[in-house]
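Asks: My questions all concern the structure below.
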Amino acid sequence: MLIEDIVELKTGFTFDDVYLVPKRSSIKSRRNVDTTTSLTKNIALSTPIVSANMDTVTEGTMSVTMAREGGIGIIHRFLPVEEQVSEVIKVKRIESVIIENPYTLPQNKTLKEAKEFMEAKGVKGILVTENGKLLGILTGRDTMFEDNLDRKISDLMTPRKQLVVGKPGLSIEEAKKILRENRVEKLPIVDKNWKLRGLITSKDIKNRSLYPHSTKDPKGRLMVGAAIGVRGDYIKRAEALLKAGVDVLVLDIAHGHSDNAINALRSVKKEFGDVDVIAGNVATREGVEDLASAGADAVKVGVGSGSICITRIVTGCGVPQLSAIFDCSEAGKELNVPIIADGGIRTSGDITKALAAGASTVMIGSLLGGTEESPGFTVIRNGAKYKITRGMASLGASMGRAERDKKSEEDLREAVPEGVEGIVPYRGYAREVLYQLVGGLRSGMSYCGATTLKELREKAEFEKITSASQKEGLPHDITLIK
Ligand code: XMP
C-alpha cells in the first residue's frame, strides 16, 4: 500500500456517528407499524431480534421467551452435543398444538421416581403407559397428600377408565371444548386400541392466545436455532440437533470469510439440504457473496463490534459496524440473502439504525445477558444485582471448554483471547427488555415515516454527526436521578 492510498482510505461509520433524519409521517400510533422481517430465506419473524449464541446469553429458557415475543434464540454450541440437544428439545416441547411424544412412565415406578422424572423434565403430570398404550395419568391431584414416596404409580394414578381422552385428528376448538366441559387440564390423544398418539394441554392452548406473535413451526411448536462449529464433530452435532427438531443452524466462526467456513457450509448444505443455515461472521460485501454462493440462507455481519469483543485491539482488524451493515446489505439485497447485524447493539436507537442501514434482523448479546432468562451467573456488587457475561473467545470461556474437553494447561497457554468477561446490570425479564427495544424501534420507524421495515430501508436518510451533536442528544445540564 502506498501513502497516497492511505490518504484515500474510506471512512468507516458506526451507530454513534449518525442519526436518522425525521420525515413526515402519517402514522397515528407506533402500534400501527409492522416489524415483520426475514431471519433467513425461509423463516419469517414478527420481531427482528435474535438472541446471541453465547453461553451467558442463550440456552432453552431464553429461546422460549425470544420465540414467544416473535424473535428467535440461537442456542450456543459450547455444550456437549446431548446437552445442546436437550436445550433444543426444551423449546420444541414447551408449546405445540399437540405434543406428539409426551413423557411417559411405566406403572411399576415409585412416586419418588415419578417426582424426580417430572422435576427433571419440567412437567407437572405424567402419562402412564405399557407397550405404548395409555394406562392412566399421574398429576398433582393424585399425589397431593401422599407422604409415602415408595408407593407405586399404579396405586396412585387416575386409571384410564376415569380419564377424558380425545381421538387423533381432533381440532383445537374441539379440544378446548372438551377441556372446558370436563374441567381437566390434560387431554391424552389415543386411538381405538388405547395407543397413545399425543397430548393436548390447557396451558398450551392458553399460551396460543397469550403470545399471538410467537415464532412457530408448522406443527405449532416454538422455533429455535442452534450453533455448530466448522471443525470436529460439527456434522454429527448438526444431525443430532436436526433430529431434535431445530429449525435453523448457525455456523459459528469468528472469521466467516474463510475457507474453513465456506467448506463447512458446503458440507452442511450437502448433507442436510433442507435446513436453513446462517453463516458468518463477515464484514464485507465479498464475504457475503462468498457465503451466499456456498449456500448461506442468511449472513451474520459483525467483526469486532460486540460489547465483549477485543478482536480489533488484539488483531487490528474489523469494520465499524454501520459501514459493515451498509456494504453487506447491498450484497445481501442483490443476492436475496437476509443480513443479521450482530454485535454492538446497546439501545433501541441502534436497532433502528441497523435495520435502516439494510439489516433484516439484529443479534443481541450482553443486553439480553443481564436478564432473568440468560444462563449467566448472578452476582451482587455494592447492593446491586448483576449478571456475568463473557465473550466466547475470552480466556474464561476457553478455560471452561478446556476443562470440558480435558485439555492441558499447555493448550490454554497457547490461547490468544479475543474477548473479555464482565458484569452487566440485572435487567429483569427479557420480555420487558424486548418490549422497550421493540417500542423504541416502532417509534423510530414512525419518525422515519415507515410503516414496514422495507419502507424504513427505502426512506432512511442518515446524517453524519459531530461529537458536539452527540452530546446534545444525551441528557444534559441536569443531575440524573435514575
Ligand atoms: P453484543 O454487543 O450484543 O455482541 O454483546 C454479541 C456478539 O459478539 C460476538 N462475540 C465475540 N466477538 N470476541 C469477539 O470478537 C468474543 O469473545 C466474542 N463473543 C461473542 C458475537 O458475534 C456475538 O453475537
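Asks: Take the Cα radius of gyration of the range 331-482 and divide it by 2.2 N^0.38 Å, with N its residue count; two decimals is plenty.
Replies: Working: Rg = 19.5 Å, N = 152, 2.2 N^0.38 = 14.8 Å.
Here the Cα radius of gyration is 1.32 times the empirical estimate.
Asks: If I model a spin label as a point 7 Å beyond the Cα along the Cα-Cβ vector, how far apart are those points for Glu461 and Arg183 in nm?
Replies: In this crude spin-label approximation the distance works out to 6.5 nm.
Asks: Moving to a separate point now. For the pair Ser209/Glu8, report the inter-label distance in nm, with labels modelled 7 Å from Cα in the Cβ direction.
Replies: My value for the distance between the label points is 6.6 nm.
Asks: Which order, highest average first, do 233-244, 49-60, 341-352, 277-288 follow once you tally other Cβ atoms within 10 Å for each residue and take the mean per peptide? Could you put the intermediate results ahead of the total?
Replies: Details: 233-244: 18.0, 49-60: 27.8, 341-352: 23.3, 277-288: 25.5.
Ranked from most to least packed, the peptides come out as 49-60, 277-288, 341-352, 233-244.
Asks: Please report, to one decimal in angstroms, the Kirkwood hydrodynamic radius of the chain built from all distinct Cα-Cα pairs. Walk me through the numbers before you get to the answer.
Replies: On the way: mean 1/r = 0.0408 Å⁻¹.
Evaluated on the chain, it is 24.5 Å.
Asks: In the range 56-155, which trypsin sites (Lys or Arg not before Pro) fall in coil by DSSP and have 15 or fewer other Cβ atoms within 10 Å? Each step should come with its number before you reach the end.
Replies: On the way: sites: Arg68, Arg77, Lys90, Lys92, Arg93, Lys109, Lys112, Lys115, Lys121, Lys124, Lys133, Arg141, Arg151, Lys152; in loops: Arg77, Lys109, Lys124, Arg151.
Qualifying residues, ordered by number: Lys124, Arg151.
Asks: Apply the Karplus parameterisation 6.51 cos²θ - 1.76 cosθ + 1.60, with θ equal to phi minus 60°, to every residue of the range 65-73 and state each ³J(HN,Hα) to the nearest whole Hz, in sequence, with x for glycine and proline.
Replies: 4, 4, 5, 5, 8, x, x, 7, x
Asks: Related question: Provide the percentage of antiparallel DSSP beta bridges, counting only those with both residues in the range 115-228; round to the nearest 5. All intermediate terms of the calculation are to be shown ahead of the outcome.
Replies: Working: 14 of 15 bridges.
Within the range 115-228, antiparallel bridges account for around 95 percent of the total.
Asks: May I pose another question? Give the relative contact order (percent, whole number) for the range 104-210; include only Cα pairs under 8 Å separated by 6+ residues.
Replies: Details: 147 pairs, mean separation 23.5, N = 107.
Reported as a whole number, the value is 22 percent.
Asks: Find, to one decimal place in angstroms, the Kirkwood hydrodynamic radius of the range 314-373, where the mean of 1/r is taken over every pair of different Cα atoms and then inverted. Show your work: numbers first, answer last.
Replies: On the way: mean 1/r = 0.0811 Å⁻¹.
Value: 12.3 Å, from the Cα pair sum.
Asks: Same structure, new question: Based on other C-beta atoms within 10 Å, arrange Val246, Val85 from fewest to most.
Replies: Val85, Val246
Asks: Still on this structure, I have one more. With just the Cα atoms of the range 1-83, tell me how far they stretch along each of the three principal axes, in Å, largest first.
Replies: So the three principal-axis extents are 55, 46, 25 Å.
Asks: Between Glu173 and Lys482, what is the spin-label point distance in nm, taking each point 7 Å from the Cα along the Cα→C-beta axis?
Replies: 4.6
Asks: Right, here's the next one. Evaluate E = 1/(1 + (r/R0)^6) for Arg30 and Ser202, where r is the Cβ-Cβ distance and R0 equals 35 Å; express this FRET efficiency to the nearest 0.05. Display every interim value, and only then the final one.
Replies: On the way: r = 34 Å, r/R0 = 0.96.
In this case the efficiency is close to 0.55.
Asks: List the relative contact order of the chain as a percent without decimals, with contacts defined as Cα pairs under 8 Å and 6+ residues apart. If you can, show how the numbers build up before the last one.
Replies: Values: 974 pairs, mean separation 97.7, N = 482.
It rounds to 20 percent for the chain.
Asks: Remind me, what semi-axes does the range 55-199 give for its equivalent ellipsoid, largest first in whole Å, using sqrt of 5 times each Cα gyration tensor eigenvalue? Write down the numbers at each step before the final one.
Replies: On the way: eigenvalues 165, 87, 37 Å².
They are 29, 21, 14 Å, listed from largest to smallest.
Asks: A follow-up question, please. About its Cα centre, how strong a charge dipole does the chain have in debye, to the nearest 20, once Lys and Arg get +1 and Asp and Glu get -1 at the Cβ? Each step should come with its number before you reach the end.
Replies: Details: 69 positive and 64 negative charges, 491 e Å.
Magnitude of the dipole: close to 2360 debye.
Asks: To continue, here is another question. Where q = 0.13, 0.22 Å⁻¹, what log10 of I(q)/I(0) comes from the Debye formula for the range 149-234, counting one point per Cα?
Replies: Ignoring solvent entirely, the Cα scatterers give -0.62, -1.12.
Asks: Charges on Cβ only, +1 for Lys and Arg, -1 for Asp and Glu, centred on the Cα centroid of the chain; of Gly122, Val18, Phe145, which one is farthest towards the dipole's positive end?
Replies: About the Cα centre, the residue reaching furthest to the positive side is Phe145.
Values in this text are rule-based calculations from the coordinates and carry no lab data. Just so you know, these numbers come straight off a predicted model, no measurement behind them. Positions of Cβ are generated from backbone atoms using ideal geometry, with glycine treated the same way; all protein chains shown enter the neighbour counts.
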